Amino acid sequence: MESSDQEKAVAVIMVGGPTKGTRFRPLSFNTPKPLFPLAGQPMVHHPISACKRLPNLAHIFLIGFYEEREFALYVSSISSELKVPVRYLKEDKPHGSAGGLYYFRNIIMEDNPSHVFLLNCDVCCSFPLTEMLEAHKRYGGMGTVLVIKVSAESANQFGELVADTITNELLHYTEKPETFVSDLINCGVYIFTPDVFTAIQEVSTHREGQANIRHLSSFETLQSPTSRALPVDFIRLDQDILSPFAGKKQLYTYETMDFWEQIKTPGMSVKCSGLYLAQFRLTSPHLLAAGDGTKSATIVGDVYVHPSAKVHPTAKIGPSVSISANVRVGAGVRLISCIILDDVEVQENAVVINSIVGWKSSIGKWSRVQADGDYNAKLGITILGEAVTVEDEVVVINSIVLPNKTLNLSVQDEIIL
Amino acid sequence: MKALILVGGFGTRLRPLTLSVPKPLVDFANKPMILHQIEALKAIGVTEVVLAINYQPEIMLNFLKEFEKKLDIKITCSQETEPLGTAGPLALARDKLIDGSGEPFFVLNSDVISEYPLKEMIDFHKGHGGEASIMVTKVDEPSKYGVVVMEETTGKVEKFVEKPKIFVGNKINAGIYLLNPSVLDRIELRPTSIEKEVFPMIAGENKLYAMVLPGFWMDIGQPKDYITGLRLYLDSLRKKSSAELEAGSNIVGNVLVDESAVIGQGCLIGPDVAIGPGCIIESGVRLSRCTIMRGVRIKKHACISSSIIGWHSTVGRWARVENMTILGEDVHLGDEVYSNGGVVLPHKEIKSSILKPEIVM
């Protein structure tokens, strides 16, 4: 059976913006978060390559608040590399997660797609889009939400969903509830048919109508001020679309049994880089490094080394290490669970554990850069910003160092401005 | 006459302010730091100022063009490609500093504020006939710095002692030099320290003289010293041209307010406060020992002391801000929030109190 020419798909990836991204400092001083490398590839590259696996993918759109020039180079190079048009669309003001999609609907619908994929850039998962699409077609609804089971204690940090165990229909949705509703949470990956745009418009019109009601009853004054205050074109996907349309046979769920994380902090990027490296072991093992200490360095576990990087054969690298372009790793170095960014020099016998070493930094001989590895703690991963010099024999533990600093004394549990 | 200002690098000690602008452009007493020095140089007839920098010349250049026009003085940049220390930049800027006239040139450290008695320094230099003159200033704790050991009557410098363990003198290098062009022949184009290599050489030949700096001196390269420096500066301004300072029933001590700033009813402002252009201080606000940068709004009933509030920030109603709180650019402190020494990076909203000194990224 031929796949119909009419069954085109487009993907929309929400990449966020700079003012919202203060959590990703100090790394975000140099690079927009979506372009920060995980497992050797920019963060946004992972959902993009997942989309590329879809049949009949016509276009990929990145929607965000960054200046166009920050994405111009990446977008043109990835378009020619993957041979699918990738375009960055800048929102002029916040429209909410659904509002942004609606705002650009004419551009998104240009290729007349039958399915629109919506993904959040800061989600780390296996993106099982092809399987999800098959399920979506079976369900026949307006939208399908990717969900995952988490521990009951952590569920209230996310959007919780209740789904019918037989039909997988989305029955109920609530965002960050105070009491336990469900251990199934929203992964931030969706498939919609074009009628989602009609649904968004309905919400917008309804809200406009509400705003026109001048007389506020005493009941309405008790309602949450935020829902009254939202502008007409600010539509949130979760509260304004998923919640009201739940239980109406329009929305369905697809559960993933693979890994899922949100990349909100720099610390999490070390964890997620490791998850993607582990995934490469299964999907593209040729990308991973190998070596046993004879002709090339000893490699333990999943490690990515950029082709231009030079690693001394007496170094031992891994598990969970990603080494970017032009890095030089000297003799006797030990690297564990870390991300080493472009142009870094790691000198002889240094040790780096649970850390991110920023672009152009220099790690001195016998120095030690490490952290506990608690990805959610403020200082659980040591982060060295751009051009930081750690002098010989200095120890840096559980600290964050802003760009252009030289450490000639050991530090622990500190933020160095 | 020419001058070189050593601007140096990233100004990391003045972060988070220097995350928004290069250090020479950080405002001090409502004026970019470097403008204080350029104006002092212009006042004694310097026609060209060279800025030795190793960072962000593009941002500086726009401002410099503006200063050039306003002050009618030539300003150029000499950019280091690698850090050259405290003397190397002079060698790098050699061609700009020597004009064949044989006149000495000034070298200033950009972090220093003082009264800049440059005319007196020229007279002193001509008087002793040596090759180089440096300003020294008396400090209480000389062991923190490099001490200049000199003959009290003539000012002839005998030697430099870095962080001495026993008392050898209480005068330290104030970072203001007047040098004959021949000094440039002693400096190679490589990372060099003027205190460790060049000056000791000249002192050894009995050609280096030190003048004790009259008036105040402060290195304002870090927030604590910046706040102390403002007190000293405003004290000095009171003596020289007190008309520039604010007066009124709601003013205590020395207070500098830009003419475009607005102050509400029932406030008590001072001592030692600088309020920048376009600021709005709402009613019932108490400010003491603080700097309020351009475009800041301080809401009603707030109380701020010993702190620096960065450009375009807001401080909420009834907020209390004290103990070396530094708010970067565009930081918004919510109503009723307490900040005890919070250091907040740019573009943040603070909704809950900071109970002990902490960096908020």
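Considering only residues of segment B:306-319 that are of a type in the set (Val, Ile, Thr) and closer than 16 Å to residue B:14 by Cα, which is farthest from the other protein chains (Cβ to nearest Cβ)?
Restricting to residues being of a type in the set (Val, Ile, Thr) and closer than 16 Å to residue B:14 by Cα, the top hit is B:309.
Could you list, in sequence order, all residues of segment A:12-29 that are at pLDDT below 90 and either part of a helix (DSSP H, G or I) or touching a Gly at 6+ places or on another chain (Cβ under 7 Å) (or both)?
Residues satisfying the conditions are A:16, A:17, A:19, A:20, A:21, A:22, A:23, A:24, A:28, A:29.
Can you tell me which residues in segment A:400-417 are within 11 Å of chain B (Cβ to nearest Cβ) and polar (S, T, N, Q)?
A:404, A:406
Answer yes or no as to whether residue A:389 is farther than 19 Å from residue A:297 by Cβ, in the same structural domain as residue A:296 (by the TED database) and crowded, with 18+ Cβ neighbours inside 10 Å. Show your work before the answer.
On the way: farther than 19 Å from residue A:297 by Cβ: yes; in the same structural domain as residue A:296 (by the TED database): yes; crowded, with 18+ Cβ neighbours inside 10 Å: yes.
Judged against the criteria, residue A:389 is a match.
Of the conditions (1) modelled with pLDDT under 95; (2) closer than 30 Å to residue A:270 by Cβ; (3) surrounded by 22 or more Cβ atoms within 10 Å (Cβ to Cβ); (4) hydrophobic (A, V, I, L, M, F, W, C), residue A:98 fails just one. Which one is it?
(2)
So, in segment A:376-417, how many residues would count as being farther than 13 Å from residue A:26 by Cβ and aliphatic (A, V, I, L, M)? Can you show your working first?
Applying the first criterion (farther than 13 Å from residue A:26 by Cβ) to segment A:376-417 yields A:376-377, A:380, A:389-398, A:406-414.
Within this subset, residues satisfying the condition of being aliphatic (A, V, I, L, M) are A:377, A:390, A:394-397, A:407, A:409, A:411.
Total meeting the criteria: 9.
Quick one: would you say residue B:306 is in the same structural domain as residue B:265 (by the TED database), over 23 Å from the mean Cα position of the chain (by Cα) and small (Gly, Ala, Ser)?
Answer is no for this residue.
For segment A:301-309, indicate whether the set of residues that are in contact with a strand residue (DSSP E or B) (Cβ under 7 Å, 6 or more places away or on another chain), in a strand (DSSP E or B), over 25 Å from residue A:24 (Cα atoms) and β-branched (Val, Ile, Thr) is non-empty. Show your work before the answer.
At the first step, the residues of segment A:301-309 found to be in contact with a strand residue (DSSP E or B) (Cβ under 7 Å, 6 or more places away or on another chain) are A:303-306, A:309.
Then keep just the ones that are in a strand (DSSP E or B); that gives A:303-305.
Going one step further and asking which of them are over 25 Å from residue A:24 (Cα atoms), we end up with none.
The answer is no, given that none of the residues of segment A:301-309 is in contact with a strand residue (DSSP E or B) (Cβ under 7 Å, 6 or more places away or on another chain), in a strand (DSSP E or B), over 25 Å from residue A:24 (Cα atoms) and β-branched (Val, Ile, Thr).
Please work out which residue is farthest from the other protein chains (Cβ to nearest Cβ), limiting yourself to segment B:339-361 and to residues that are aliphatic (A, V, I, L, M) and touching a residue at least 60 places away in the same chain (Cβ under 8 Å).
In this case the residue turns out to be B:344.
Which one of B:322, B:336, B:282, B:329 is closer than 19 Å to residue B:225 by Cα and either surrounded by fewer than 20 Cβ atoms within 10 Å (Cβ to Cβ) or within 14 Å of chain A (Cβ to nearest Cβ) (or both)? Steps first, answer last, please.
On the way: B:336 fails: closer than 19 Å to residue B:225 by Cα; B:282 fails: closer than 19 Å to residue B:225 by Cα; B:329 fails: closer than 19 Å to residue B:225 by Cα.
So the residue among B:322, B:336, B:282, B:329 that is closer than 19 Å to residue B:225 by Cα and either surrounded by fewer than 20 Cβ atoms within 10 Å (Cβ to Cβ) or within 14 Å of chain A (Cβ to nearest Cβ) (or both) is B:322.
Can you give me the number of residues within segment A:157-180 that are within 20 Å of residue A:249 (Cα to Cα) and part of a loop (DSSP other than H, G, I, E, B)?
5
From (1) small (Gly, Ala, Ser); (2) farther than 17 Å from residue B:5 by Cβ; (3) under 22 Å from the mean Cα position of the chain (by Cα), pick out the condition that doesn't hold for residue B:204.
Result: residue B:204 passes all but (3).
Does segment A:328-343 hold any residues that are crowded, with 24+ Cβ neighbours inside 10 Å and over 24 Å from residue A:374 (Cα atoms), and which are they?
Of everything in segment A:328-343, just one residue is crowded, with 24+ Cβ neighbours inside 10 Å and over 24 Å from residue A:374 (Cα atoms), namely A:329.
Quick one: would you say residue B:175 is in a loop (DSSP other than H, G, I, E, B), assigned by the TED database to the domain that holds residue B:6 and closer than 30 Å to residue B:238 by Cα? Walk me through how you get there before you give the answer.
Values: in a loop (DSSP other than H, G, I, E, B): no; assigned by the TED database to the domain that holds residue B:6: yes; closer than 30 Å to residue B:238 by Cα: yes.
Criteria not met by residue B:175.
Of a type outside the set (Val, Ile, Thr) and in a strand (DSSP E or B): which single residue out of A:58, A:50, A:98, A:72 fits that description?
Unique residue meeting the criteria: A:58.
The values are calculated or read from the model by the stated rules, or taken from the named source; none is laboratory data. Quick caveat: nothing in here was measured; it's all calculated off a predicted structure. When we count neighbours, we look across all protein chains shown, and the Cβ atoms used for this are built from the backbone with ideal geometry, even at glycine.
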